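To start, the structure under review is shown below, and the notes come after it.
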Amino acid sequence: MEEMEAKYHEKAMETGSLIVSACGFDSIPAEMGVMFNTRQWVAPAVPNHVTAYVSLESDKRIVGNFATYESAVLGVANMDKLQQLRHSRPKKPRPVIPGPRLPKGPTIEYQEKIGLRALKLPSADAVVVRRTLVTLMENPHGLPGINESPEHIGKREAYWLSVKPAHFGVKIASKSLLGIYRILGVGVFIGLLCRFSFGRWLLLKFPSFFSFEWFRKTGPSEDEVRSASFKMWFVGYGFSDSNLASERNSKPDMEIITRVMGPEIGYVTTPISLVQCALIVLSQRENLPKGGVYTPGIVFGPDLQERLQENGISFDVVSKTALPSHAPA
C-alpha cells in the first residue's frame with residue numbers, strides 16, 4: 001500500500017485516478033471505529049490515545065482464509081523492504097496530540113473493562129489510521145470533491161471537524177489465556193521461519209500445523225462462516241479539558257469505550273465494506289477527490305458509517321467514565 005502511494009500518488013492526482021486500498025476488514029472497521037470514538041470527545045474534552053481490541057468469536061471453530069495467512073507470512077518476510085521504503089521517503093509531520101504519550105504496557109494485557117486479555121497485533125490498521133490522520137492534518141476540512149454539492153460540503157466539513165487526532169494501536173484479544181498463548185505461538189512460528197526461504201515454504205505448505213488449525217488451505221466451511229462474528233472494542237483515554245493535557249506530568253482523567261460489531265470478517269464483513277465503498281464511488285464520484293492514492297477513511301469517512309450500519313455492522317458507545325488521578329498502563 002505504501003509503495004503504491006509512493007509510486008503513483010502524484011500521477012493519480014494528475015490523471016484523476018482515485019486509488020483507495022484497505023477497503024476490507026483491514027482497515028474499514030479500524031478506521032471508522034477510531035473516528036467514531038474520537039468524535040465522542042466533545043469540547044473541551046480531547047482524546048490522547050485509542051486502542052482497538054479485536055475479538056473474533058464463533059459458536060464453532062474460528063477458521064481463516066489461507067490468503068490472509070499467506071499475506072501475514074509474506075508481510076513479515078518483506079519487513080526490511082518496507083523499512084527501506086519508509087527511510088527513502090521524506091518524513092511527514094505528525095498530528096499534534098494533546099498530552100504525553102503513555103509508556104508501553106505489558107506484553108499480555110488484561111483489559112478489565114471489556115473482560116479480555118490482549119496482545120499487540122502488528123497489522124496494517126495502525127499505519128492506515130496514521131496516514132488518514134496525517135492527511136487530515138494537511139486538510140482539516142477533509143478532501144474537497146471534484147464538484148461537490150453545497151449539502152455535501154457542509155456534511156464533509158462538519159464530520160472532519162468533529163474527528164480528533166489520537167495515538168492509535170491494535171491488539172488481538174481473547175477471553176482465555178490459552179487463546180493468547182496460541183496467538184503468541186503463531187507469531188513466534190511466523191517470526192522465526194519467514195526469514196528463510198525454506199522456512200517460508202514450510203509455513204505455506206503446512207498452514208494448519210503452524211497456525212494451530214486457525215488457517216487451512218480450504219478455508220472455512222459455510223457453517224463456520226455463518227457462526228463467526230467479530231467485536232472491535234475501542235478504548236480511548238484522554239482529558240476532560242484540553243488545558244489539563246498541557247500541565248506537567250498530566251495523566252488522562254477520562255475514558256470513552258466504543259464498539260464496532262459485525263459478521264465473519266473475511267467472507268462477510270470484507271465484502272460488505274468493499275461493496276459499500278464501491279457504491280459510494282459509483283453514486284457520489286463528484287463528491288470525492290479528483291484523484292490520488294489514499295486511505296479509505298479520508299475518502300469515504302462522512303458517508304461510510306451510515307452505509308455499514310444499514311448492512312449489518314453496528315457502532316455503539318459503551319461507556320463514558322471519569323478516571324481516578326492515576327493513568328492506565
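See the values below:
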item	result
About the Cα centre, charge dipole magnitude for the range 28-183 (Lys/Arg +1, Asp/Glu -1 at Cβ), debye	520 debye
Selection of GluC sites (Glu not before Pro), the range 241-294, meeting DSSP coil and at most 15 other Cβ within 10 Å	247
Under 12 Å from residue 231, Cα to Cα: aspartates and glutamates that are on another chain or at least 8 residues apart	57, 264, 316
Packing rank of 39-48, 92-101, 110-119, where each peptide gets the mean count of other beta carbons within 10 Å, highest leading	39-48, 110-119, 92-101
Theoretical FRET efficiency, 1/(1+(r/R0)^6), r = Cβ-Cβ of residue 137 and residue 107, R0 45 Å, to 0.05	0.90
Pairs from 60/113; 164/320; 164/251; 120/320 whose Cα-Cα separation, in the structure shown, is over 21 Å	60/113; 120/320
Carbon plus sulfur fraction of accessible area for the chain, probe 1.4 Å, in percent	57 percent
Whole-number accessible area per residue in Å² for the chain, which is evaluated in the context of all protein chains at 1.4 Å	51 Å²
Listed candidates (i) 21.1; (ii) 17.5; (iii) 18.5 - label of the one calculated as mean projected area of the Cα convex hull in nm²	(ii)
Hits among lysines - C-alpha to C-alpha of residue 81 under 20 Å, sequence gap 8 or more where chains match	7, 91, 92
Net charge dipole size for the chain [Lys, Arg +1 and Asp, Glu -1 on Cβ; Debye, nearest 20]	1060 debye
DSSP-defined beta bridges in the chain - what % are antiparallel, rounded to 5	75 percent
Cα-based reach from residue 205 at 16 Å (exclusive), listing lysines while leaving out same-chain residues under 8 positions away	217
Within-13-Å neighbourhood charge of residue 161 [Cβ basis; K, R +1; D, E -1]	+3
For residue 280, net neighbour charge (Lys/Arg +1, Asp/Glu -1) across residues whose Cβ lies under 10 Å away	+1
Ordering of 78-87, 28-37 by packing [mean C-beta count within 10 Å, highest first]	28-37, 78-87
Relative packing of 51-63, 226-238, which averages over residues the other C-beta atoms within 10 Å, highest first	226-238, 51-63
Gaussian network model of the chain, springs between alpha carbon atoms under 10 Å - residue of 178, 308, 143 with greatest fluctuation	178
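The values are calculated or read from the model by the stated rules, or taken from the named source; none is laboratory data. As the structure is a prediction and not an experimental result, all values here were calculated from the model. Neighbour counts are summed over all protein chains in view; Cβ atoms, including those assigned to glycine, are modelled from backbone coordinates with ideal geometry. We work out accessible area using only protein heavy atoms, side chains counted, and drop any ligands, DNA or RNA first. Shrake-Rupley method; radii C 1.70, N 1.55, O 1.52, S 1.80 Å.
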